[in-house]
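Right, one structure below, let's go through it.
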Amino acid sequence: RRSLTTAIAGATSALLAVTAVNAQAARTINLGHTLSDSSHYSVGADAFEETLERLSGGEFEVAEHPSGSLGGERAMIEGLQIGTVDVVITSTGPLGNFVPESYVLDLPFLFKSYEEARCVLDGEIGQDLLNKMSDHNLVGLAWSENGFRHMTNSVRPVTSPDDAKGLKVRTMENKVHMEAFEQMGVHPTPMAFPEVFTALQQGTVDGQENPITVIVATKFWEVQDHLSLTGHVYSPAAVLGSPVLLDSLTEEERSWFEQAAKASAEATREEVSRLERDGVKLLREKGMTVKTDINKAPFQEAVKPAYKIYTDQYGSEMLDRIRASG
Ligand code: EAX
């Protein structure tokens, strides 16, 4: 009897020990983004999760928080800085407020194609920009993708800057974008993404601009009638990490996060490319009128002063490097 009690006690403490080791081993990584769980960011989050869990042999597990459930992109970046969020997939929208070096990427009509943008971001310039983030209390893990942005509104079809004049358009909280829209005669209204659908629904703003990916993932057809493929700016996404977490890791652990971020970016870009092929058809089926044949020259001309405003403040070194690499 005594030996049975001892055996049970022994087994119980062994079980407790195993449970304790497991609880310690599986560290939960909170990953946030603003888009739905059917979006290209969510595809990227899944790839991040799969890769990190595999490389770490289950030492880390990833909890995805989609749809802005941890706040808008600006709020989540602040969360990374103080360590309340571990990993964020975000557009560069509010990033320049933290890392001014990234503003160069937000200049309208800077990149002409996906190939060009991806090539610059995957090369030395992209790596330099990722490295810069550590000067601003953030860890740049990889460049992912949002896509070329297009204008939608609920007032009239837009095929020229004249058509866009006077429209109240939600922009990201990004002064380079806001400046460019102002030059176009549009009234820019900066707003965090989680508020945009309701603002469109209630008519607080007439329009917004986002890539096909975001328009599809957010069902903007429910609140917007007209889409114009202006492709006025390439919108990168960044996979960012919290320095509070990443600086506490071993070199090997940190490399797992970098590899997971790269896998995430790759999966997201594939999904962006797929939606570039199939998305417009879907949006038409959902009832949007889509202007595909947009003459970009007048738009490009209208936003030109944004370049001078940018270089006056930040210099032209990064811009020259990007242009020279194209
Ligand atoms: O990153 O705020 C925006 O319009 C972004 O494109 C969106 O949150 C995805």
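Quick check on my filter: what residues within the range 79-99 are more than 9 Å from the ligand (Cβ to nearest atom) and either part of a loop (DSSP other than H, G, I, E, B) or open to solvent by 10 Å² or more (accessible area, probe 1.4 Å) (or both)? Give the steps one after another, and end with the answer.
Initially, the range 79-99 is screened for residues more than 9 Å from the ligand (Cβ to nearest atom), giving 79-88, 95-99.
Selection gives Q81, I82, G83, T84, V85, D86, N97, F98, V99.
Could you say whether any residue in the range 207-219 is open to solvent by 20 Å² or more (accessible area, probe 1.4 Å), within 15 Å of the ligand (Cβ to nearest atom) and at positive phi?
yes
So, in the range 302-326, exactly how many residues are assigned to a helix (DSSP H, G or I) and without any contact (Cβ under 8 Å) to a residue 60 or more places away in the chain? Explain how you work it out, then say what you get.
Step one: filter the range 302-326 for residues assigned to a helix (DSSP H, G or I), giving 302, 305-314, 317-325.
Filter once more, so that each one left must be without any contact (Cβ under 8 Å) to a residue 60 or more places away in the chain: 308, 311-313, 317, 320, 323-324.
Result for the range 302-326: 8.
Outside any strand (DSSP E or B), open to solvent by 30 Å² or more (accessible area, probe 1.4 Å) and β-branched (V, I, T): does that describe V244?
Yes; evaluated as a whole, the condition is true for this residue.
List pairs: first residue in the range 28-52 and closer than 19 Å to S235 by Cβ and in a strand (DSSP E or B), second residue modelled with pLDDT of 95 or more and open to solvent by 30 Å² or more (accessible area, probe 1.4 Å) anywhere in the structure, Cβ distance under 6 angstrom, at least six positions apart or on different chains.
Hits for this filter: G32/H65; G32/L70.
The values are calculated or read from the model by the stated rules, or taken from the named source; none is laboratory data. No experiment lies behind these values; they were computed from the predicted model shown. As a convention, Cβ positions derive from the backbone with ideal geometry for all residues, glycine included, and neighbour counts pool all protein chains shown. The protein model used for the area step is the full one, side chains on, heavy atoms only, and it has no ligands, DNA or RNA in it. Shrake-Rupley method; radii C 1.70, N 1.55, O 1.52, S 1.80 Å.
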